[in-house]
1. Given the structure, is Val139 open to solvent by 40 Å² or more (accessible area, probe 1.4 Å), assigned to a strand (DSSP E or B) and of a type in the set (A, V, I, L, M)?
2. Given Ala69, Ala62, which one is under 30 Å from Leu211 (Cα atoms), assigned to a loop (DSSP other than H, G, I, E, B) and within 39 Å of the chain's Cα centre (by Cα)?
3. I'd like to check something: does segment 472-483 contain any residue that is in contact (Cβ under 8 Å) with a residue 60 or more places away in the chain and more than 22 Å from Ile377 (Cβ to Cβ)?
4. Does segment 145-176 hold any residues that are out of contact with any helix residue (DSSP H, G or I) (no Cβ under 6 Å at 6 or more places or on another chain), free of Cβ contacts under 8 Å to residues at least 60 places away in the same chain and either hydroxyl-bearing (Ser, Thr, Tyr) or part of a strand (DSSP E or B) (or both), and which are they?
5. For segment 1-20, what are the residues that are more than 20 Å from Ile125 (Cβ to Cβ) and either in a helix (DSSP H, G or I) or modelled with pLDDT of 85 or more (or both)?
6. Which ones in segment 425-434 are more than 35 Å from the chain's Cα centre (by Cα) and open to solvent by 30 Å² or more (accessible area, probe 1.4 Å)?
7. Restricted to segment 114-129, and to residues that are out of contact with any Ser or Thr (no Cβ under 6 Å at 6 or more places or on another chain) and assigned to a helix (DSSP H, G or I), which residue is most open to solvent (accessible area, probe 1.4 Å)?
8. If you take the residues of segment 435-490 that are among the basic types (Lys, Arg) and not in a helix (DSSP H, G or I), which of them is least open to solvent (accessible area, probe 1.4 Å)?
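The values are calculated or read from the model by the stated rules, or taken from the named source; none is laboratory data. Every value quoted in this text rests on a predicted model; they were computed, and no experiment measured them. Virtual Cβ from ideal backbone geometry, glycine too; neighbours counted across all protein chains shown. Heavy atoms of the whole protein, side chains included, go into the accessibility calculation; ligands, DNA and RNA do not. Shrake-Rupley method; radii C 1.70, N 1.55, O 1.52, S 1.80 Å.
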Amino acid sequence: MPKITVVGLGPAGLDLVPPRAREALGAGRVYLRTARHPAAEELLAGGDGNIKSFDDLYEQAADFEELYARIVSELLAAAAAADIVYAVPGHPLVAEETVRRLRDEAPGRGIQVEILPAVSCLDTIFLALGLDPVEGLQVRDALTLRKVPLDTAQPALLLQVYSRLVAGDVKLSLLELYPPEHPVRLVRAAGLPGREAVTELPLYELDRRELDHLSSLYVPPLSRRAVPARYPLDPLVNVMAALRGPGGCPWDKEQTHKLLRRYLIEECYEVIEAIDENDMHKLQEELGDLLLQVVFHARLAEEAGRFDINAVVSGIVEKMIRRHPHVFGEVKVGTSAEVLVNWQQIKRREKETAGEEPTALGGVPRALPALLRAYKIQERAARVGFDWPDAGGAWEKVGEEARELKAAAAGGDTAAVAEELGDLLFAVVNVARFLKVEPELALAATTRKFEERFAFIEQTAAATGRSVEELSLAEMDDLWEQAKAMEKLS
């Protein structure tokens, strides 16, 4: 089987490259990801014409995605003809995207990949900073910093801050999370005697310093309460604290979680109404009202010593990151259906970790509107296979339940009628699910349509000096049809 031997060049000169890796470098055709590295420079200084660098591709490629793809393509093509050695700075498995891609693609081409490790740049950086990573450290590639958000309560080390352009992008990303004066440490040439330097500077000066391919950045942590935000909640939190505090509002002071329940529900529906009306000004206002309810409940909990708004925000941030490993981790998904399957598996594991007994229908709030809750319950049952094979069975069930409701109504038993009516509504929800229509939204839209048509009847009657009560049923039916005709024209 053809083979690519991936060799780590370590953080400095060839003296830090392990013997076996040094032996591999002299045993065949060698490809360097970049010649801009002390060990690579020593190799080339030896005058061996059997060494090729990919530095020319850095100038030709439109972006790093294209660069990495071209490097991997050339390596695979070369390996198909003869075994080769691919040498990369540092450790092959630390911040080396080309190595990751090789390991993914080579087996499918019948090519073996062998990794010969080396001292990582991390080791020399840890030594230069006097840093123990066991205490907690986030390591990121500066070129892909935005892909995975930083936790500002943990220290961070950013690799490949090799130019002022990269440093400028890094600075802009970090300024969304840290204050401009936040002290950071620029590490250059870690592990190289006579060249190693650690410089402390404020974040805002990062792109004003000289940088090269051996530059990294250490970002000390912030306390969680010191974290600045682009969209701070502090003004609203402070207003709520004042309303609940001495000299505040008597009504706000009287509220409890249970008393506020109705307002939370009302605000949710007002947000939905703004969305349905496509009224962005109204949506902005209603989202504010809904956010106020969240802050209100968090304030009540804080006063009781349970949690505060920071815990609410950090909790949902951590949950969203945890439940989206396809965005913030290494999981690969191709469709939204796969995302949902993965989401449910993660939720199940979370419940098991928390000591909760997972159930197929568990977790659907009882306070949901009845149609919406029925829809969600049926979805949960369908996930485990308790479902009709197709919509035909659901349609037949609607007919069956309609007949049973008629029979119950003829019998005059009020309790039986209520039960059969519930069965019929549940069956209709099942049909809606097969048709991929949310019954709650469909009924809400129909109710609004009824209101608008009836309003037309009232307005038309008023224009003739009559009230709606004075109209005959035939007149109302005629105006109803006019309203329908006008809807088709609009």
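1. Numbers: open to solvent by 40 Å² or more (accessible area, probe 1.4 Å): yes; assigned to a strand (DSSP E or B): yes; of a type in the set (A, V, I, L, M): yes.
It is true that Val139 is open to solvent by 40 Å² or more (accessible area, probe 1.4 Å), assigned to a strand (DSSP E or B) and of a type in the set (A, V, I, L, M).
2. Values: Ala69 fails: assigned to a loop (DSSP other than H, G, I, E, B).
Being under 30 Å from Leu211 (Cα atoms), assigned to a loop (DSSP other than H, G, I, E, B) and within 39 Å of the chain's Cα centre (by Cα) holds for just one of Ala69, Ala62, which is Ala62.
3. Within segment 472-483, the first condition is being in contact (Cβ under 8 Å) with a residue 60 or more places away in the chain, and the residues that meet it are none.
The answer is no; no qualifying residue exists.
4. Tyr162, Ser163
5. As a first pass, look at segment 1-20 and keep what is more than 20 Å from Ile125 (Cβ to Cβ): 1-7, 19-20.
Passing the criteria: Pro2, Lys3, Ile4, Thr5, Val6, Val7, Pro19, Arg20.
6. So the first thing to find is which residues in segment 425-434 are more than 35 Å from the chain's Cα centre (by Cα), and the list is 425, 427.
Answer for segment 425-434, where residues must be more than 35 Å from the chain's Cα centre (by Cα) and open to solvent by 30 Å² or more (accessible area, probe 1.4 Å): just Leu425.
7. Ranking the qualifying residues of segment 114-129, first place goes to Leu127.
8. Quick first cut of segment 435-490, residues among the basic types (Lys, Arg) only: 436, 448-449, 453, 466, 484, 488.
Within this subset, residues satisfying the condition of being not in a helix (DSSP H, G or I) are 436, 466.
Numbers: Lys436: 173, Arg466: 85 Å².
Among them, the one singled out is Arg466.
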